[in-house]
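Below: one structure, written as structure tokens.
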Amino acid sequence: MAEMNELASPGVTGASEEWSSSWGFILATVGSAAGIGNIWRFSYVAGENGGGAFLLLYLVCIALIGLPIVIAELAIGRVDRRGATPAIERLTRLRHWRSFGILSVVIAFLVLSFYSVIAGWAFKYLLGALDGSLMRVASGGHGEFFERFISGPLQPVIWQFCMIAATVLVVIGGVRNGIEAVNRVLMPALFAIVVGLAAYGLTLSGSAAGLRFLFAPDWTALGNPSVYLAAMGQAFFSLGVGMAVFVTYGGYLPARHRIPQAACAVVAGDTLIAILAGIAIFSTVFAFGVDPASGPELAFITLPQIFLAMPGGRLVAIFFFALLVAGALTSMVSMLEVPVAYLVRRTRYSRRQLVPALGIAIFLLGVPSALGFGPLETINWHGRGILDNVDYLVANFLLPAGGILIVLFVGWRWRRHDALTGADLDRSRWGTRWGLVWLWLIRIVTPTLILLIILNGIVDV
């Protein structure tokens with residue numbers, strides 16, 4: 001316990017920034033998770049995997065994988081408040097755990113490299129909805145419009161750069177004046193937009209079929225192993241666990257805030273946004289008789305064609321792509337903060353020096369993904385282009401590997417008493433019973449499920 005108190009002391013850690021309030025922390029942390037993965041990826045993965053059956057399994061996986069790891073990452077971050085690597089090194093006194101911090105930086109770089117490309121697509125479509133050019137595309141022509149856009153030699157790179165630049169501008173402002181301030185504006189706006197879109201979708205004739213698809217499970221789908229694996233992968237990807245975002249954000253969390261309540265609020269907010277986005281999208285898709293299993297093209301081809309046909313479609317398109325852009329930006333900000341926090345604490349450079357340099361490096365790393373549907377389309381592996389391969393590598397191997405390291409450390413390397421104390425699960429309000437449930441999830445259930453994700457990725461290679 002003395003070691004814990006020493007590590008948590010601000011004088012020892014040198015932590016220079018904190019969240020100004022619990023509300024600011026919750027908004028920023030939900031914003032880190034609630035991005036394109038919740039809105040775009042959740043909907044098309046659910047559409048491809050049976051809707052209601054997938055949702056049920058997804059919620060179970062959030063409880064068994066997502067929540068335990070969020071609590072673990074926040075606990076590690078707050079105990080030492082130095083970021084992933086120094087925290088784990090100091091708690092174990094073993095320097096080989098440095099690999100987790102390095103891995104988290106690599107993951108953040110790779111995710112941002114392709115995530116910024118997709119975010120750039122959303123930004124392009126948002127401006128197209130605002131100026132009306134998106135709505136002037138002929139009915140049925142959005143597939144050609146999208147293919148022409150992403151195959152160009154310049155436009156995908158320009159829009160990717162715009163999103164990286166916006167992310168840099170936010171992160172350079174620091175925790176309170178940058179990340180927290182922007183999330184205080186964007187997250188309420190994001191929530192209002194997704195609620196409004198869901199409400200509008202429910203007014204459409206035929207939307208009830210979309211609700212049945214999402215909430216009435218087809219129990220026969222539970223006999224398909226791929227649905228289980230899809231739900232586990234989405235739960236992992238949606239929250240963004242495994243890349244030390246929650247370790248980093250937990251490092252800015254004052255001792256007065258309770259980790260279990262904060263983690264539950266974050267997971268609940270993230271899941272609610274995904275479900276509301278699903279309601280908005282599936283009610284609209286079924287109202288217009290479109291196949292819900294449209295895949296990744298759902299947001300950029302299928303829905304724009306629907307917007308063209310529906311009353312008030314331009315306004316709906318503006319709100320939908322604003323939702324994608326806002327969600328993408330809040331997530332990108334959290335991902336960039338991971339390497340920033342790591343390097344600020346391990347080098348002599350300041351935030352203002354590091355953030356632009358990291359932004360440029362991530363932009364350059366992402367250019368091949370941006371051009372992978374055009375000038376670099378001949379570069380592929382196992383039938384996947386550059387962006388798809390980077391996405392596959394991260395989602396099926398690197399993020400799960402980061403998650404495995406976290407649960408191995410907390411479950412087996414950290415002393416039980418210190419783990420429960422660090423996670424605020426030794427307190428009378430929660431009781432040690434719930435703490436032990438969490439600890440054994442971390443030790444047995446969560447790593448087993450993560451290993452299944454990794455093995456599935458190996459089989460599919």
Quiz item: In Å, what is the Rg of the alpha-carbon atoms in region 286-438, and how long is Dmax?
Solution: 22.2, 61
Self-check item: Cβ crowding within 10 Å averaged over residues, with 217-228, 163-174 ranked highest first
Solution: 163-174, 217-228
Quiz item: When the dipole is taken about the Cα centre of the chain, and only Lys, Arg (+1) and Asp, Glu (-1) are charged at their Cβ, what size is it in debye, to the nearest 20?
Solution: 1340 debye
Practice problem: Based on the mean of other Cβ atoms within 10 Å per residue, sort peptides 408-419, 371-382, 37-48, 235-246 so the most packed one is first. | Solution: 235-246, 37-48, 408-419, 371-382
Quiz item: Averaged over all directions, how much area does the convex hull of the C-alpha atoms of region 144-214 cover when projected, in nm²?
Solution: 7.7 nm²
Quiz prompt | Matching label, Cα extents along the principal axes in Å computed from the structure shown, candidates (1) 102, 53, 45; (2) 93, 61, 44; (3) 68, 50, 42 | solution = (3)
Quiz prompt | For region 382-461: Kirkwood Rh in Å [reciprocal of mean 1/r, alpha carbons] | solution = 14.2 Å
Self-check item: Cα-derived Rg over Rh, computed across region 215-288 with Rh taken as Kirkwood radius
Solution: 1.09
Quiz item: So for region 309-461, taking the charge dipole from beta-carbon charges (+1 Lys/Arg, -1 Asp/Glu), which of V410, L358, S334 sits furthest toward the positive end?
Solution: V410
Quiz item: Which whole-number percentage describes the relative contact order of region 328-450, with Cα contacts under 8 Å and a sequence gap of 6 or more?
Solution: 15 percent
Quiz item: Kirkwood hydrodynamic radius for region 102-166: how many Å is it when counted over pairs of different Cα atoms?
Solution: 13.0 Å
Quiz item: Can you put M310, M335, M232 in order, fewest other beta carbons within 10 Å first?
Solution: M310, M232, M335
Exercise. State, to one decimal in nm², a quarter of the convex hull surface area for the C-alpha atoms of region 265-368, i.e. the direction-averaged projected area.
Key: 9.4 nm²
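Coordinate-derived values only; no laboratory data. Just so we're clear, the structure is a prediction, and the values are computed from it rather than from any experiment. Neighbour counts are summed over all protein chains in view; Cβ atoms, including those assigned to glycine, are modelled from backbone coordinates with ideal geometry.
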